[in-house]
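Notes follow the structure.
The values are calculated or read from the model by the stated rules, or taken from the named source; none is laboratory data. As the structure is a computational prediction, the values presented were derived from the model and not from experiment. Note that we place each Cβ from the backbone using ideal geometry, even for glycine, and neighbour counts take in every protein chain shown.
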Amino acid sequence: MIAIVVAIAQALASLGFGLAVLRLARYETEPGVLRLGVALGLGAGCIGWLGFWIGVGGAFRASTFAGVVGVGLLLLWLRRGDLTLARGGDRLDRITVVLLTALCVSLFIDLLEAFAPAGDVDTMAYHFALPKQFLQQHRIFFVPLAVEGAVPLLMHMTYALALALGGEQAVQLWLLITQIALLATVYGVARRWLDRSWSLALVLVLNVTPATIYGGGTGHVETRTALFMLIAVIAATDAVERRALGAAIVAGLAAGFFAGAKYYGLFAACAVGLIFLSGRPQWRAVAAYAGMAAVAGSQWYVWTWIHSGMPVFPTLYAVFGVRDQMWNEQAARFFKQAYARWSPMPTTVATFVTYPFVATVAPPPALEAGRTGLGPFLFLALPWLIGALRRWKDLVGPTLLRVLLAATVFYALWFWIPSSQLTRQLLPIYPLALLVVGVAGTRWSRLNGYTRPWAAVFALSIALGMAVHAAYAVNFLRYHLKRESRSEFLERNVAFASVAAWANANIGPADRLGNPLRAMNYLIDVPYAMLHPMYQARVELRPDAGSLPTFVRQLDRERLTHLLVHPSLTANVGPGNALVSLSRGLVANGCAMLQQRVPTTVISSRTMGTFVRDTVDALRLTTSTPECQRQLNLVRTP
Amino acid sequence: MSSERHGTARVLLFAWVALGFLAYMWQFRGMFAAALRMFGR
């Protein structure tokens with residue numbers, strides 16, 4: 001119950017902050033759902049931005065967050081006059097009723113997920129694990145881990161607020177609320193050009209897109225950054241077309257919040273910035289946009305720079321070098337080589353053009369575009385887009401062309417600047433593409449009498465999406481209908497959950513666990529260090545790391561008392577598995593002893609319910625014993 | 001455009017939607033086969 005109250009209070013407080021920002025900037029959006037969505041998104045960004053300073057100030061605890069919510073609620077009370085929902089009372093036609101019913105079913109499935117424990121791998125690895133760790137220490141601290149530690153965490157600050165005040169359940173509900181805010185904003189923007197039923201159909205397509213189904217109810221930030229992107233783009237087009245400085249300020253804030261929540265937000269800030277140069281440049285608006293984006297989005301880059309020596313860790317290692325021993329030349333080389341696994345397509349002009357098609361109909365497995373991609377809608381709608389672009393002045397118009405420009409520039413930067421080619425990373429620009437294609441296609445259909453095949457595009461995309469969403473719901477239905485306990489659900493959904501339970505029961509608060517199993521980070525209550533072979537270099541576990549004395553020194557430097565080993569010490573692994581090889585060396589030389597062989601499960605698909613049984617070895621480290629020191633000829637440095 | 005050409009274009013658009021949808025679904029054939037096998041057991 002408290003979780004529901006907290007999530008609603010957080011949503012209302014976000015609305016309060018957002019409405020206050022809109023008022024201060026004097027940016028007028030249409031009343032109704034668009035203003036609600038925009039205000040909630042901006043408010044969530046404000047709370048995330050404040051969360052950083054609260055964390056730096058060492059006040060990262062429930063009482064401070066309660067104060068933030070209190071201020072937000074007060075602002076909402078002061079701006080309550082801006083909240084109006086009613087806009088015409090015309091009757092709903094049959095299609096609208098059908099679409100609304102389908103949307104309610106889809107949101108009900110999302111609600112089933114929200115009322116179940118978190119189970120997604122990345123969510124357990126860092127989206128929820130980092131806020132939990134920060135709350136345990138009442139401050140934010142730098143986590144020297146590539147991809148899932150030293151990254152912009154603005155959105156995670158909002159997760160921390162919900163976690164501190166209402167526990168995990170509140171975060172789950174907060175995720176759903178932010179997803180609904182995205183849907184509301186898409187609907188509100190679509191209503192500028194489309195009638196109610198086509199706008200609802202677009203919203204439904206978005207909510208049953210595989211990437212949204214996969215990421216919306218989990219800690220993945222793309223659904224949230226999609227909201228920031230949409231707000232930024234719409235405000236930027238308003239700024240250019242209405243010559244409204246306030247809109248430029250809001251666009252800067254939203255683009256900055258995106259940059260503060262994900263490195264890809266840097267691409268977003270550039271893409272939105274180009275909108276300002278698409279008309280006659282208004283330099284005051286450009287300056288306002290850039291200034292607000294820098295204020296809203298720079299905090300995590302400065303933070304990372306201060307702690308690691310580079311603003312984007314570890315991508316800029318070659319330029320800036322690094323402080324401390326958190327990264328090195330070999331780690332950089334291995335990271336680049338291993339991370340390339342998620343970029344299977346060469347970056348050429350031909351693949352730049354063909355990527356959307358390949359990702360839709362024949363994606364290489366590394367794109368993960370089948371089960372977590374963008375669905376078939378844009379592919380099926382292609383003839384309508386081509387038809388409409390032939391008469392772009394009438395059918396698309398300058399505003400949507402600017403929207404298309406921002407989406408295309410983001411896509412180009414994302415594609416050409418090497419990172420990963422995971423298709424779901426494009427979710428932040430997917431609503432933009434949906435709006436452009438949805439509006440252009442509907443207009444072209446009306447003009448030529450192609451509405452029926454156009455409706456078939458929507459019907460097939462929605463029907464398939466609903467079927468996928470229903471299949472996704474089975475896992476959560478089972479939890480609710482069978483009245484599973486939390487531990488039963490975790491055992492089915494989270495790899496190595498039993499190992500986390502063992503660690504919590506057997507490792508004390510004065511100990512420190514070396515944990516190479518990222519999927520269970522969030523479940524660990526005792527102190528631990530994440531030992532990913534690719535993402536960190538403080539304890540080197542790359543395939544070429546073969547020096548046992550170095551390994552022991554690094555374990556000591558991290559003050560580790562225990563170490564988890566997977567696969568087990570007796571498993572048949574090749575020499576490239578440094579963790580197993582070095583751990584065998586530890587045991588053989590008296591530097592560690594096997595404390596427990598923990599049976600566990602490794603989950604391959606939560607939705608399909610597929611898993612394999614396995615074991616994890618828990619070692620107690622005895623690196624300070626004379627035997628270990630003698631065997632390895634270690635000379636201790638004080 | 002004449003109504004005849006509009007009619008042809010409509011048919012072509014329907015055909016594109018149907019074939020495009022099948023082309024999209026083709027990548028999941030393995031998953032469907034596995035699901036059917038599970039159902040059959």
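A few notes on this one:
- Of residues in segment B:1-30 being polar (S, T, N, Q) and either in a helix (DSSP H, G or I) or in contact with a strand residue (DSSP E or B) (Cβ under 6 Å, 6 or more places away or on another chain) (or both), the one nearest to the other protein chains (Cβ to nearest Cβ): B:Ser3
- Taken as a whole, segment A:388-406 holds at least one residue that is among the aromatic types (Phe, Trp, Tyr) and farther than 20 Å from A:Ala268 by Cα.
- Evaluating A:Pro356 against the criteria (1) more than 11 Å from chain B (Cβ to nearest Cβ); (2) exposed (fewer than 14 other Cβ atoms within 10 Å of the Cβ); (3) not hydrophobic (A, V, I, L, M, F, W, C) leaves one unmet condition, (2).
- Complete set of residues in segment A:199-243 that are of a type in the set (Phe, Trp, Tyr) and crowded, with 24+ Cβ neighbours inside 10 Å: A:Phe228
- Test: residue in segment A:470-487 that is surrounded by 21 or more Cβ atoms within 10 Å (Cβ to Cβ), in contact (Cβ under 8 Å) with a residue 60 or more places away in the chain, under 30 Å from A:Ala388 (Cα atoms) and within 14 Å of chain B (Cβ to nearest Cβ): no
- Residues of segment A:322-338 satisfying the condition of being in contact (Cβ under 8 Å) with a residue 40 or more places away in the chain, crowded, with 17+ Cβ neighbours inside 10 Å and part of a helix (DSSP H, G or I): A:Ala331, A:Phe334, A:Phe335
- Number of the condition not met by A:Ser278 [criteria: (1) part of a helix (DSSP H, G or I); (2) closer than 28 Å to A:Arg446 by Cβ; (3) hydroxyl-bearing (Ser, Thr, Tyr)]: (1)
- Check on A:Leu277, surrounded by fewer than 24 Cβ atoms within 10 Å (Cβ to Cβ), at negative phi and free of Cβ contacts under 8 Å to residues at least 40 places away in the same chain: yes
- Scanning segment A:565-593 for residues that are out of contact with any Pro (no Cβ under 8 Å at 6 or more places or on another chain), surrounded by 15 or more Cβ atoms within 10 Å (Cβ to Cβ) and under 22 Å from A:Arg553 (Cβ atoms) gives A:Leu569, A:Leu582, A:Ser583, A:Arg584, A:Gly585, A:Leu586, A:Val587, A:Asn589, A:Gly590, A:Cys591, A:Ala592.
- Being closer than 26 Å to A:Ser605 by Cβ and out of contact with any Gly (no Cβ under 7 Å at 6 or more places or on another chain) is a description that applies to A:Ala116.
- Residue in segment A:431-459 that is farthest from A:Pro356 (Cα to Cα), counting only those that are within 13 Å of chain B (Cβ to nearest Cβ) and aliphatic (A, V, I, L, M): A:Leu447
- Restricting segment A:125-156 to residues that are assigned to a loop (DSSP other than H, G, I, E, B) and among the aliphatic types (A, V, I, L, M), the residue that is surrounded by the most Cβ atoms within 10 Å (Cβ to Cβ): A:Leu153
- Total residues in segment B:31-41, condition at the interface with chain A (Cβ under 10 Å from one of its Cβ atoms) and out of contact with any Gly (no Cβ under 9 Å at 6 or more places or on another chain): 3
- Unique match (being in contact (Cβ under 8 Å) with a residue 24 or more places away in the chain and within 14 Å of chain B (Cβ to nearest Cβ)) among A:Ile507, A:Ile462, A:Ile524: A:Ile462
Per-residue answers, yes or no, for (1) assigned to a helix (DSSP H, G or I); (2) more than 24 Å from the chain's Cα centre (by Cα); (3) at pLDDT 95 or above:
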position	(1), (2), (3)
A:Arg443	yes, yes, yes
A:Ala459	yes, yes, yes
A:Phe489	yes, no, yes
A:Gly514	no, yes, yes
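- Against the list (1) more than 14 Å from every other protein chain (Cβ to nearest Cβ); (2) at negative phi; (3) surrounded by fewer than 20 Cβ atoms within 10 Å (Cβ to Cβ), the condition A:Ala467 fails is (1).
- The test for being surrounded by fewer than 24 Cβ atoms within 10 Å (Cβ to Cβ) and either part of a helix (DSSP H, G or I) or at pLDDT 95 or above (or both) does not hold for A:Tyr159.
- Hey, B:Arg29 exposed (fewer than 11 other Cβ atoms within 10 Å of the Cβ) and under 16 Å from the mean Cα position of the chain (by Cα) or not: yes
- Test: residue in segment A:377-395 that is over 30 Å from A:Glu241 (Cβ atoms), within 13 Å of chain B (Cβ to nearest Cβ) and either in contact with an Asp or Glu (Cβ under 8 Å, 6 or more places away or on another chain) or of a type outside the set (A, V, I, L, M) (or both): yes
- Residue in segment A:213-235 that is at positive phi and either in a helix (DSSP H, G or I) or of a type outside the set (A, V, I, L, M) (or both) present: no
- Scanning segment A:395-413 for residues that are buried (at least 20 other Cβ atoms within 10 Å of the Cβ) and within 19 Å of the chain's Cα centre (by Cα) yields A:Ala407, A:Phe410.
- Test: residue in segment A:263-275 that is in a loop (DSSP other than H, G, I, E, B) and either under 27 Å from the mean Cα position of the chain (by Cα) or over 11 Å from A:Ala232 (Cα atoms) (or both): yes
- Every residue from segment A:492-512 that is farther than 26 Å from B:Phe32 by Cα, in a helix (DSSP H, G or I) and in contact with a helix residue (DSSP H, G or I) (Cβ under 9 Å, 6 or more places away or on another chain): A:Ala497, A:Ser498, A:Val499, A:Ala500, A:Ala501, A:Ala503, A:Asn504
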